[in-house]
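Report on the structure given below.
Readers should treat all values here as calculations from the given coordinates under stated rules, not as data from a laboratory. Just so we're clear, the structure is a prediction, and the values are computed from it rather than from any experiment. So basically every Cβ, Gly included, is an ideal-geometry build from the backbone, and we count neighbours across all protein chains shown.
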Amino acid sequence: MNFRTALGPVAVAAALALSPLTAAAQQAAAAGAQDAAPQVPAGPEVAATFRDWQILCNTVDAAGAQECEMYQLLHDSTGSPIAEISIVALPLGSEFAAGATVTTPLETFLPMGMGWYIGERPADGQIRAEGFRVCTVVGCIVRMGLSTDEIDAMKSGSNATIMIAPFVAIDQPVEITVSLAGFTAAYDDLQTRLSQAAAAARANQ
């Protein structure tokens, strides 16, 4: 299964396929503007790697402004790709410290939602549950906020767990491990990039 990450607040929209008419119109407009404006690189690039996490950055305008995220491709027990998670740092004053986007296979049983916990599974079995937002050609998407307490737990932990139910076996939930090796360094790097981008935006006003 092939996964593709999408950045920041446009995570869902970026995963939606364009119609042929829209794509043709955009290509024509781009061709006409080639000589008038600098070209912006397409798609995210790996800006840094911290153990099991990558920092992916996408140039969003001709001035070089970037949006960045933490990213990890997740595997099942056989080592095959099964899901992906990306995390963006949010500005100070936001409701959450960070936002996470999780993409699971199209064969996911959506009514069960997605389970999420950090570290050992709670003894009382009470885990966080999130509903799916949309399914696209890439997979089925959950978007959720991460509190400061959750970020701190991820910094001090070794793994988190995603739980989903396959459509063909809804009574047999699948647990997907999210490695937290390198999480602290990656998150600190992400926050630094967010601060630098904010400072650059203020300087250009």
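Evaluate the relative contact order of the range 74-185 (contact order divided by residue number), counting alpha-carbon pairs under 8 angstrom at least 6 apart; express in whole percent. After rounding, I find 26 percent.
Extending 7 Å from the Cα toward the beta-carbon at both Asp149 and Ala65 defines two label points whose distance is 3.5 nm. Here the average projected area of the convex hull drawn through the C-alpha atoms of the range 119-196 stands at 7.1 nm². In this structure, the amide hydrogen of Val178, modeled 1.01 Å from its nitrogen in the peptide plane, lies closer than 5 angstrom to those of Ala160, Thr161, Ile162, counting only residues at least 5 positions away or on a different chain.
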